[in-house]
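Here the structure comes first, spelled out in structure tokens, and everything after it is commentary.
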Amino acid sequence: MLLPALIPVLIPIVVGAILGNLDDDLRQFFGSHEPIIVPFMAFTLGQTIDLRAVITAGLPGVLLGLLAHVPFVGLLAPAF
């Protein structure tokens, strides 16, 4: 289920948005550290992915897994 994995990702975003809107210094601090936080959030969501489901689905599942994975890796690579 995705919801238990999504909650730990959303809580820091919501808290950061609230604190960033309350104080300009915190906004600058949080804004400068955003690229560092993204991989940790991605890890939290990614640990719930079951690759056996992709393989069990056969060729269409493998193609869908690759099509879903490749564009996002390309988008995140320039950030590092």
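Read-outs: derived from the displayed coordinates by stated rules, not from any lab. Here the structure is a predicted model, which means the values were calculated and not measured.
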Q.
Give me the extension gain from Leu59 to Asp24: residue separation times 0.36 nm, minus the current Cα-Cα distance, reported in nm with one decimal.
A. 7.5 nm
Q: Once you have the Cα-Cα distance between Val14 and His69, take 0.36 nm times their residue separation minus that, and quote the gain in nm to one decimal.
A: 17.2 nm
**Q.** Per-residue ³J(HN,Hα) for the stretch 52-63, Karplus 6.51 cos²θ - 1.76 cosθ + 1.60, θ = phi - 60°, Hz, x for Gly and Pro
**A.** 5, 5, 5, 5, 4, 6, x, 4, x, x, 5, 4
Q. Percent relative contact order of the stretch 1-70, based on C-alpha pairs within less than 8 angstrom and at least six residues apart?
A. 32
Q) HN-Hα J couplings of the stretch 28-41 from phi, Karplus 6.51/-1.76/1.60, θ = phi - 60°, integer Hz, Gly and Pro as x? A) 5, 5, 5, x, 6, 9, 4, x, 6, 7, 4, x, 5, 5
Q.
To check my understanding: the extent here is largest minus smallest coordinate of the Cα atoms along each principal axis. What are those three numbers for the stretch 1-67, in Å, largest first?
A. 51, 21, 13
